[in-house]
Every structure is written in structure tokens, then in C-alpha cells.
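**Q** Below is the structure I would like to discuss, written out as C-alpha cells.
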Amino acid sequence: MIFAAVDPDDLASCVSCGLCLPHCPTYRITGNDSQSPRGRIELVAAVRGGEIPLDDGVRHSLNSCVQCMGCLPACPSSVRYDRIIAPVIDELASTSARKVMVKRFLFRALTAIAALAQRLHLMPRRFPIPPVAVRMRRLRVPAASKNNRGEVILFRGCVMDMWYRQVHQATVDVLSRLGYNVRLSDPGMCCGALHAHAGIAEPASKLTANVRKCHSGSILIVNSAGCGAHLLRHAEGLGEVVDVMEFVSRHLDESPLDLGSRSDDVVVVHDACHLRNIQGSHLATHRVLDLFYEVRSIPDDGLCCGAGGAYAIDHAASAKHIVDRKNEAIQSVLDAQVRYISSGNPGCSGQLQAHRPQTWNALTIVHPIELVARALGSEDRHQSHHQGDADRS
Amino acid sequence: MARRRLSKKLEGSAIGIARHELHLVSRDASNIEGNASGWVKPANVEEVVTILRDCHARRIPFVARGAGTGLAGGAVPTMGSIVISMMGMNRIRSVDADGRFAWVEPGVLNADLSRAVARHGLHFAPDPSSQQSCTIGGNVANNSGGPHCLSTGVTSAHVLAIEAVLSDGSVVTLDQESSPFDLRGAFIGSEGMFGIATAIKVRLTQNAPHHATVVVGFPTIDGGARAVSAIIAAGIVPSALEMMDAPITRAVESYVHAGFPLDVGALLIIEVDGLPHGVEADIDSCLTICRQHEASYIRRAQTDAERAIIWKGRKTAFGAIARIKPNYYLHDTVVPRRRLAEVLGKIGHIAAAENLQVMNVFHAGDGNLHPLLLFDRREEGIMPGECYPESTVLVSRSVTSCRSCSTKPALPRSRSFGEPSILRVWRIPARCCRLGRDVEIRSPRPRALGCEDSDMTRSKGLSSGVLRFEPDELIVTVRAGTTMEELASVLGSKRQRLRIPAIGTVGGALATRRNGPFPSDNFALPNIVLKIHAVDGSGNAFVAGGGTVKNVSGFDLVKLLVGSWGTLATITEATLRTEPIPGCSRWFVGAGDVGALYRPALVAPCRNGWCVNLEGHPDDVAQQAALLENYDEIAPPAALEMIELFSIAESPPERLEMTPAIFDICRRLKSEFDPDNTLSPLLSARWGLA
Ligand SMILES: Cc1cc2nc3c(=O)[nH]c(=O)nc-3n(C[C@H](O)[C@H](O)[C@H](O)COP(=O)(O)OP(=O)(O)OC[C@H]3O[C@@H](n4cnc5c(N)ncnc54)[C@H](O)[C@@H]3O)c2cc1C
Ligand code: SF4
Ligand code: SF4
């Protein structure tokens, strides 16, 4: 049976009400039922039940899902779309060997070759990966102290560590200021989220198992929403996996920190799908930033930006279409006071950065923890790599 | 073959025939499955015209599709129809914030429209629970309403004009001016059978400055239902009165975590909005009444976020059902408010006897019930056919116990429950599109009556008198010959009214759609007309509409008759929705700007500039009056005199510039209703319809 791994009860729990439709980025740009959560669920059910064949049309519908999980919190019946789509993507990927090869290559490219290519200016400008800092700084971590409130581990990951080291620094700074001893995870340790997203199950689970082995029982602070969501899903054995903003939000009250004065700057907060739809912790970012800045939400119900793991590379045209829509929504809340767009996920930051309109030159795309570090006056003011367009040419 | 030729013509939007796409467009949110033979997503009017012309020439049936959230299978293609998805036409064409209207394409989502105009302090009032997903086109086709239509009315009160493509490909604009009959009104609720809407001019409503949203728990559903009746009977019309029974509250709570109490028998959500003093006074009265009816739990939303989550809970109720069973069968029916408790009791009783699981979540303020029957389609013997008859029994048995009700057909073949007259699906207007839809059109069973006087302008000759005034239901049934003055005095005795000038007879007011200077909103003609008894040109008596506070789907004959100047039928009796008279009413005359006022009762041109009527709580009225610069207060009679001079046009339109397509429809309507041209022959001749 095709899609035998999908739980029939999960499929049956969809009442076809359509309340998930507007929360799906691919439906939003096409208006097609075959590009909607309701449609995809019905297709899986129909193929599984032998009503329709698994043809290219079905494959395309299912593969073009960004896996943003926007449909998950939108569904009043609590249909577990995540449990439905994951085995489907695995099965589709495993029946298409060529695709897997291409994707494996892509991932290697993502982590190493791309970095080099970028430095050599070989990377297309619209590629959704930010430029790598020419001089990568070593992370400075204050010495542990017995008086502190405990130890946390900063999960460095692969993409974050390579491209967003300044975010790591800001994370270390803020956590230290909150009174925690910070330890770093091993460099290069990858959680396997991207692989899982692309349906390459085997390396994904190996990588995840490795993280579990190294850090069982610890509090793992993650500042990449994508990694956090993936680790959370496979959290058994890990002490606690928590997004950095959620952690700060929880512990800010207990700390003797002087929050200083509010800034006049306005921050537009982009809620990463992995925070909003999977971890359900996006409000923490709003709560924390609200202490220091005027915070604006994007008036599109948290629709995905089209980054979705390797989606922006795999389905470039749709991803572009989706992010254009996102940009329009952002544009509607912009004015002269807005200085930052904050995003808690490297994938989203890269996607927004690659497709930012020319008119946004004065805006900086930052991780919210960088804004907190800045507001707390952390001595180390690392410049974000996204300072306007200047360094992108 | 036909399909291939079609696709050639439509380069931009070729007919899709991919197996999986057809599988998906063959279903919507109902339990009904169709069999589409193709689907197409036009991007503009021209493409719609091409498609319909081709379909017409080849007699290929077609069905328009919005978001496919309809619960009655309206968008499901039968007989191998072609599905025309309107999702490719989703632009807001223009917004006039001062004039408070917008032109939108049919694929715009209801909630997106409100979001887009929020910065002007406006919104689109109809708020079906599916509002985040459903389209304006679907709203128009289904005449959708939502929790807040208790005070603001259903879609037909908020659509000013429709640009539509008819089944032969002709493009028409339907509004109240372009034809002698309100074809706009007839289009709304016609479920895609009149034509395909390609642009809609919607009325935008000012956002209320103040809200009170309260969740009230009752030990029994009966107590809640009685409280609802008592609130309306006390002359308060909240903006929403929604009820959920205990099982559905539990299902919803586990999804939204709104803090709904789980130990109550029924939950009532009361929302009052408007100006602060009036809101506070009304909510206080509502809560006093609830306490008198043994409310066991009262919680008022303190923040906007809290209010939003309460509404999210209510609006996702249908979806949350799957937490209990994966499929549901929905009935949608309106019963008189005061019989809510009784009907609900009966439904529960029958369901128990038939061993069916039933849940209730409904618009209590309108008496609009939605009993949901839960089932699992995978269970042996449930599908098809076995569940339906039982559920049909359920509602027909429970609602026929009511004197009157209107039913939105929830099955593809419309089934009528109770008397045939409750179905509002009558004659097919001139061109019925959707050739393939096997909707059964019920025509009235005419009872021949001697028709002595068929000229509406002489309707005084008809018998007069108020037949039934039900102040608790806000409904009055009156003979057409009754004078407006007499009616006003009867209503006034219970502090109720109609906002129609007290001139002439009721029949005359209806036939000429005489709103006078009053704004054409939910409290104006034709929106206050619920049911009409009339006699057509051949002497057949018929009934249109239903005698409950809300009527929605079906060809709206009432709209066609109101404002037709007696050329289609002679109205003999009408049931009208009344309105409580507000606590305070003051009149002002002046010349300044009135844009800052919140929904004033009336702003009319007069010889001194503008005549403004402010109504509501005395303190609110005083505050609003302070916003009027260079205005003088005057006595109501003087004010009315001033405006009437200017705005009550008593004569019928002289010659109408009708487009050929509209003219054709009107002529066919005329010959359908009055083949021998015995009704208002002069006017009919003047309009070229005779
Ligand atoms: C959870 C849930 C809650 C709901 N709550 C309510 C409620 O409170 N009140 C209510 O009234 N309804 C409600 N509905 C029913 C439904 O959502 C509405 O009637 C809605 O207006 C349908 O819009 P749609 O875009 O989904 O239309 P569709 O389902 O796609 O189509 C509905 C009908 O409209 C026709 N149509 C669509 N577009 C056009 C067009 N451009 N021109 C002509 N005809 C067209 C179709 O042919 C069809 O007959 C609910 C549904 C769900 C699933
Ligand atoms: S997934 Fe959930 S929201 Fe979407 S159609 Fe199914 S039940 Fe409705
Ligand atoms: S995961 Fe995202 S893209 Fe996929 S169906 Fe759900 S909302 Fe759509």
C-alpha cells in the first residue's frame, strides 16, 4: 500500500472545513486546492485508499508543501498534519533516487562549498543564504562561576555557526548577563533538521541521535527556530530544548538586570513558522522585545516566508512568490521609525535578506537576541552582517 | 472534445484535467462528492465571459467555486460539470473610505477585506464563522451571515452592486438603479444559479469604538434560551448572542483554551458594541436578565486578546467537532426565538431515541439553529443514505413543530422540511445558469384567488390591519392596506418602530421601496421584509420568504417584489422586522462635516445643509453632538419637514436605461409573473416590459 506509514486516524480526523486554507503559503499564492493542506490530506487519503494513482500531479502537490506547519495551529480539529506529511515526504524521496542524490549534494554545498563560493562571489545574489563574514570571530564565553544560577548549553548547529556567529555571541552575552554559565556545543554538530525536512530520513536520524548522545540531560538553548523545532520533536533523552527568546522571557523577571531605557527604534517581528506553528513560543519574542522597543507584528497571521529548509532552493519560483507576499505585508507596517526586522530563524533571515526590496536600505534584519544584547548594552556590540545593502554588492 | 476546444480558446487559463486536481475540486466542506470533468481559474472578467460563452454554446454545465467552505455542497460539480475557481480573481479593486464602500473581486477572502480596510477604521460586517477562509463571492452566493448579523444583517444588507457574467456570457451590473426590479437582491443567495459574480461593491461599516464581550454559563440550555428571549424582549439588540451546548464547549475549549467553563449546561456569548455609555448600560441589563435566569458563570473579556480568543472559540466550533467524530452533518434552520428551548429539547429527545449524537452551536439571537449530527464515515452502514434520512427526520420533526421556519438546504437536492412555503426557492429567473445542478426548484402551490384590485398604487383598497405583532420576536405581520401611521402607533405602544416614513400604506411603502431619507442599511427596505403574501397577475396567491427573523439562501423573491412598483404582483400581507426605539433621539441642522460621527441614525441633505439625527444612550448622544460644529438642535417635526421636502421622491422612475441583458431578464420576469400585463400596465409599458 502506498503511504502505509500514515496513520489512517490522522487522515480521518480532517473534516474538510477549510479553516486551514488561508494559513497555507502555497494556497495563498495559487488559490489551488491541490496546493492546500486540506487538498494534500485528501490526496494522501485518496492515494492510500487506492482511489487515485500516485502520479506526477500528486507528487508535485505533496512535494511543494513548505512544511511550515501553518496549518497545524490553524486546525480546530487538531489534525496532525506533521505526522501525515513526514512519512509521505520520506516515501516520495526514497522512490526518487535522483532527487536524493541532488539533495545530498545540496546539503554538502550548503555547509561548505557555498561558503567558499560566496567568498569568491560565485553565489547568485538572490540565493537565500546570507554572505559569510570574511573574518569569523571566535566566540567569547565568560568563565563559569559557582555563584551563577546554573549551566546551559548553547547549541551551535551548522548553518548558524557558519553564517550567524554574531547571533551566538549575542546569545552568550545575554545568557551570561542573566546569570547563567554558558557552555558551547561541539562545533559542526548538526541536528539533522534540514535533512529531515527534505525527506532524507537516514542521515537525519543519525545526526539527531548524536546530539542526544552528547547532551543528554542538559538544558539546550537553541537560537535557530528550525533546529529548535526539530530537536524538540526528538527531545526524548535531552534535558530540555528551549528557544533562546523563550528562555530569556522566562528568566528575565528573576534577574537583577537593569533594563535601561526604551529605545525609540521600532522593530517589525517576523514570526518564524518553527516558533509559531511548531514550538508555539513566538509570543516570547514579542514579550521580550516589547520591554525595549516598540514592536510591530506583520498583519498576515504569521504566514510563512517560503524559506522552509531547502524549499527556497528546491522550489525557487514558489518561494519567491511567497516571500513577495510576505514583503508586501511587511511593507504595510513600515514607516520611518522602523529600523529592524527581527527573525528567530536563519532560514527566514536569509530568505528575507535575499528578496528584500531596494527601498528597505535603512532596515536591518536581525535576530531578536541581538536586539536584546544591544539594548542591554552588552559591551560587545557585534555588527550584524545585514547592515543595509552596503555589504551585499 | 468539448474540453479540448475550450482549452484552446483560453490560452491564459486552460482547462485543467489533472486527475488529482479534479478529485479535489469535486468536493467542498460538505459530505457531498461530485465528478468534475475539468476546472479552470479565470484571471479576469474577459476570461469568465469566454468560458461561459463556450459552456453555453456546448451546453456544458458549470459550477462556480470560491474557497469551497460551503456546507451545502453548493460548489460541488455534478453531472461532469466544469468547475470555475474564482480564486484567481482576488484583488480589491478600489476602496472609498469616505463613501464607505469598496469594489472587490469575488476571490477576496472575507477576513482579508476587513483587514485591508482596518486602517480606515472600517470592516465588512458579515462575519460567517468561516470568515478567515471563505470568499466574498461565496458570501454573496450563499447570502452568508455570522454571529454579528443579529445587529448588522446578512450579506444582502452589505452588497450595493454586483458585476456578474450570465450563463450566455453577457456581463451585467446589478444594483438597485439599473433595473426596475432588485436583481441585485435576487442574485444574493442564489447559490451560483443566477450567474458568476466577477466584482462586488460592498458596504463597509465603521468599527465600533467600544465593546463588551461576556461569556455567561447556564446550568441548562433551556435557561440560556430563555435568557436570550428575555434580552430581546427587553428591547436590547446586542451585536451578537451565540450559544454553545456543553459537549461542543468541551471540544472547543480543548482547542482554543479560552477558559470556557466546562461544568455548565450551555454557554452564551453576549457582545454589545457601539458607543461606551450605551454599551455599558445594555450589557448591564443583559447580565441582570441572565442572573434572573440563573446564570451560574459570568466572565467579561478584559482585553482585545481575550475577546479575540472567545470569538476564535465560537468560530472554530464546527471544525473542533472532529475531536469527537470525524464527520458531521449540519442542519441550518431558523425558528422563532421564543421556541428555541422547546425545539432544542425536541431535537435532543429525537436524537436520543434514534441513537444519534447531536451537538448544538448556534446564533441564538436570530433563533438560527445548527444541530450537528456526528458520525464516522468509516462505520459500517453509515454512508450513504443511512445517516441522512435519520437526520432529516430529526430536523423535520423538530422544526415542523414550529409555526414557521426557513431552512437552508443542507443537501444537494434541496429538501423542504414542513410546509412547502418555507422554502424560498421559487421560480427560476430568466436565465438559470449552472445547467448541471440538480437542484430541485420548488414553485409555490398557487391557490387561485379572486384578485379584485391589482394596481399597487391603489393598494389602499386592500384590506388593512395589523394581524400579529410579536414584540418579543421583533416581528410584525400586517395587511398591505394598513397605513404606515396606524402601524407606527401600534408598534410605538411597545416602544418599537420601523425606520420608514409614516406616509401612505404598508403595501405602497414596500412596492415603491420608500425608505425616505433613512440610510439603506439593515433597518431599511428591503432588508426588513421577512415574508410577503402576494397575488400575481394570473390571480395566483403565493408566499415568499419566511416569518422568522432571518432568511438567507434561495432565490429571494421578496427582494424582487419590494420596489417593483406593483408590476410583478400585488402584495397583500407582509411580515416585517421591527426595531426597539432607542432611549434618546436628537436632531440637528447645520452645514459642517459629519465624518467624525459614529454610525449616526440619519444624515440627510436639507435646505440648510445637513440634517443629522443622533440616537442611543443620552450621554453618548451628548458626546456625539459635541462633535458637530456649527449645528443647531431642532425639534423632530421641523427636521422631518425639512428633509421630506428634499428627499422623498414619490414618483416611479420614468424611463430606465436598461442594458439588453437586464432588459431581457426583466421582461421574462414580468411575463412569468404577469403574462397578461394586468398589473400596473401603464408603468410596465413605460418600462417597455408590457
Ligand atoms: C467552519 C465553518 C463555519 C461556517 N459558518 C458559517 C456561518 O456562520 N454563516 C454562513 O452563512 N455560512 C457559514 N459557513 C458556510 C460557508 O463558509 C459560507 O456560506 C461561505 O460564504 C462560502 O464561501 P466559499 O467561498 O467557501 O464558497 P464555496 O463553498 O466555494 O461556494 C458556495 C456557493 O457559492 C457559489 N459561488 C462561489 N463563488 C461565486 C461567484 N463568484 N459567483 C457566483 N457564485 C459563486 C458556489 O457555486 C456555491 O454555490 C461555514 C462553513 C464552515 C466550514
Ligand atoms: S486540516 Fe483541519 S482545518 Fe484543514 S480542512 Fe482539515 S479539519 Fe479543517
Ligand atoms: S505545512 Fe505549510 S505549506 Fe504545507 S500544507 Fe501546511 S500550511 Fe501548507
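**Q** For segment A:221-233, just list the computed ³J(HN,Hα) in residue order, Karplus coefficients 6.51, -1.76 and 1.60, θ = phi - 60°, integers in Hz, with x standing in for Gly and Pro.
**A** The phi angles translate into 8, 10, 10, 10, 4, x, 5, x, 4, 5, 5, 4, 5 Hz.
**Q** In whole Hz, with x marking every Gly and Pro, tabulate ³J(HN,Hα) for segment B:279-292 from phi via Karplus 6.51 cos²θ - 1.76 cosθ + 1.60, θ = phi - 60°.
**A** Running phi through 6.51 cos²θ - 1.76 cosθ + 1.60 with θ = phi - 60° gives 4, 5, 5, 5, 5, 4, 4, 4, 5, 4, 4, 4, 4, 4 Hz.
**Q** Do you know the relative contact order of segment B:89-206, to the nearest whole percent, from alpha carbon pairs under 8 angstrom that are 6+ apart?
**A** In percent, rounded to a whole number, it is 30.
**Q** With N set to the residue count of segment B:155-273, report its C-alpha Rg divided by 2.2 N^0.38 Å to two decimal places.
**A** Cα-based Rg divided by the globular estimate yields 1.53.
**Q** Moving on. For segment B:2-87, what % of the accessible area comes from carbon and sulfur atoms, probe 1.4 Å?
**A** 50 percent
**Q** Can you check what the net charge comes to around A:Glu294, using other residues whose Cβ is under 9 Å from the Cβ of A:Glu294 (Lys, Arg +1; Asp, Glu -1)?
**A** Neighbour charge sum, excluding A:Glu294 itself: -1.
**Q** Under 5 Å between amide H atoms, partner at least 5 residues away or on a different chain: which partners does A:Ile52 have, H built in plane at 1.01 Å?
**A** Here the answer is A:Val47, since their amide H atoms fall under 5 Å of that of A:Ile52.
**Q** What are the ³J(HN,Hα) couplings of segment A:34-51, residue after residue, when phi is run through the Karplus curve with 6.51, -1.76, 1.60 and θ = phi - 60°? Round to Hz, x for glycine and proline.
**A** 6, 10, 10, x, 4, x, 5, 4, 5, 5, 4, 5, 5, 5, 4, x, x, 6
**Q** To the nearest 100 Å², how much accessible surface do chains A and B hide from each other in total, with a 1.4 Å probe?
**A** The buried area between A and B, both sides summed, comes to about 2800 Å².
**Q** Within segment B:584-645, what whole-number % of the accessible surface is contributed by carbon and sulfur, with the 1.4 Å probe and all protein chains included in the calculation?
**A** 53 percent
**Q** In nanometres, what is the gap between the two model label sites at B:Arg291 and B:Val603, each 7 Å from Cα along Cα-to-Cβ?
**A** 4.0 nm
**Q** Under the rule of at least 5 residues apart or a separate chain, name every residue whose amide H is placed under 5 Å from the amide H of B:Ala690.
**A** B:Ala685
**Q** What is the mean projected area of the alpha carbon convex hull for segment B:45-102, to one decimal in square nanometres?
**A** Its average projected convex-hull area is 5.5 nm².
**Q** Just need the Rg to Rh number for segment A:8-95, please, alpha carbons only, Kirkwood Rh.
**A** Taking Rg over the Kirkwood Rh, I get 0.92.
**Q** Then there is this: Going by amide H atoms built from the backbone, whose H comes under 5 Å of the H on B:Tyr297, apart from near neighbours?
**A** Counting only residues 5 or more places away or on other chains, the set is B:Gly217.
**Q** Mind checking the per residue accessible area of segment B:584-645 for me, 1.4 Å probe, whole number of Å²?
**A** Result: 49 Å² per residue.
**Q** State which entries of B:Lys346/B:Lys531; B:Lys312/B:Lys494; B:Lys315/B:Lys670; B:Lys494/B:Lys531; A:Lys326/B:Lys201; A:Lys320/B:Lys41 exceed 32 angstrom in Cα-Cα distance in the structure shown.
**A** Checking Cα-Cα distances, B:Lys312/B:Lys494; B:Lys315/B:Lys670 exceed 32 Å.
**Q** In addition: Rounded to the nearest percent, how much of the accessible area of segment B:89-206 (1.4 Å probe, protein heavy atoms only) is carbon and sulfur?
**A** 46 percent
The values are calculated or read from the model by the stated rules, or taken from the named source; none is laboratory data. None of these values were measured; they are calculated from a predicted model. Glycine also receives a Cβ, built like all others from the backbone with ideal geometry; neighbour counts cover every protein chain displayed. Keep in mind that these areas ignore ligands, DNA and RNA; they rest on the heavy atoms of the full protein, side chains included. Shrake-Rupley method; radii C 1.70, N 1.55, O 1.52, S 1.80 Å.
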